[in-house]
Structures are given as C-alpha cells and as structure tokens.
Amino acid sequence: MLDRAVGVFWRHGYADASLRDLTSATGLSAASLYHRYRDKDGLFTAVLDRYAQQGLTSRLARLTAIADPLAAIRQFFDEIIDLSVNDPDRLGCLLVNSVLDGGRMSQAARTTARTRLGEVETFFRIQLETARDQGSTHPGLEPAIMAEILLATVLAIRVLARLAPERDRLERLVAHALTSVSLSIPAPK
C-alpha cells in the first residue's frame, strides 16, 4: 500500500497529491487512510521513510561493506548517476524533491527527509574518516566538511538530472568534487 502511495507523491508532490489520487492508488478508503496514518501528512511521512528504506538503506549497507572506502564513495556516485540518467520520466529522488518543495511539508516530514539524507552524509563522513586513517586522502582533509560537500553534490546531481540527464555533465560534477578527496579515487566506469 505504501509503495503505491510512493508513486502518487513521487509524481504529484506532497501538495498536489489529492486524497482521491491516494485512495485510488492504494485501494483504501479515505477513512481507512486517516485511521491508519491520521492525515495526509502522516501518510506522506510514512511514504518518505518507506522510499528511503527500500532504496537508500540497503544501498548504504551494501556500499559500507566495500573494503576500500574511496571505492565505496565512487560506487555510490556511479549508482546515483545511473539512476538519474536512466529515469525515463525524470522523477528524480522523492527525498530531494520533497526537500525542494519543503515549504509545504510538515515538520515531521521535513525531519524524516533530513534524517534520511543525513544518513548519506554520515556514510560519506565514515568512509572519509576510514580513508584518512588508511592514509588514502589528501593531507588536511576534514571528513565532516567534505561529507557535506559530497551530499551537496548528490543533491545537485538529482536536481540537474531532472532538467537534463547528461551523463558526462554529472560525471564531471562528481569528478570535481572527488578531486578534493584523493587523486587515487577510481575513475568512472
């Protein structure tokens, strides 16, 4: 049911997803939706969490298992670029889209989006700390600050790809961001 609601919010955004769209997609009555999630915002917050759980959580766990932390970061970006350029409807990322539409989100939804995107930043920080400890990064690299820059790069990729999913452009953006980390980061596939 949440998966079907994901599609509605992804296509229409929070503000433009109507109760009729949601009941039609989920097969639940308005009363059932409100009983289970209290209101549209409760459903939206659950949808954001579900979306992140399905794609982001498993991706971060899988990439964290890669022995080379810089290769794990590179792989993260390769996958985000692939997702972005192979998105025929240019829907982008529901979390990023929701943040951009943030004025219409409740505090609970905003907190969920921030927490889930924070997981990406934490992944980058931990990988960079490990790489620093292994001597694989530029001297003086500050993992927390670089993690913020890499998260901003992810956001830029997801937004730019909605406008024009040009792989070369997105890869240049990533290459520039990663140059600040280490000269030994593997080149894109």
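The values are calculated or read from the model by the stated rules, or taken from the named source; none is laboratory data. Model, not experiment: these values are computed from the prediction. Glycine gets a Cβ as well: all are built from the backbone with ideal geometry, and neighbour counts include every protein chain shown. To get the accessible areas, we keep the full protein, side chains included, count just its heavy atoms, and leave off ligands, DNA and RNA. Shrake-Rupley method; radii C 1.70, N 1.55, O 1.52, S 1.80 Å.
Listed values, structure above:
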item	result
Residue list for the range 14-61, restricted to those being in contact with a helix residue (DSSP H, G or I) (Cβ under 7 Å, 6 or more places away or on another chain), of a type in the set (S, T, N, Q) and surrounded by fewer than 15 Cβ atoms within 10 Å (Cβ to Cβ)	Ser29
Candidates Glu121, Glu79 - the one that is under 14 Å from the mean Cα position of the chain (by Cα), in contact (Cβ under 8 Å) with a residue 24 or more places away in the chain and closer than 20 Å to Gln54 by Cβ	Glu121
Test: residue in the range 106-114 that is in contact (Cβ under 8 Å) with a residue 12 or more places away in the chain, over 28 Å from Val181 (Cβ atoms) and not hydrophobic (A, V, I, L, M, F, W, C)	yes
Of all residues making up the range 59-78, the number that are among the aliphatic types (A, V, I, L, M), assigned to a helix (DSSP H, G or I) and over 16 Å from Ala177 (Cα atoms)	3
Helices (runs of 4 or more DSSP H) (entirely within the range 88-189) containing at least 2 residues that are small (Gly, Ala, Ser), open to solvent by 20 Å² or more (accessible area, probe 1.4 Å) and modelled with pLDDT under 95	none
Test result for Asp78, among the acidic types (Asp, Glu) and open to solvent by less than 30 Å² (accessible area, probe 1.4 Å)	yes
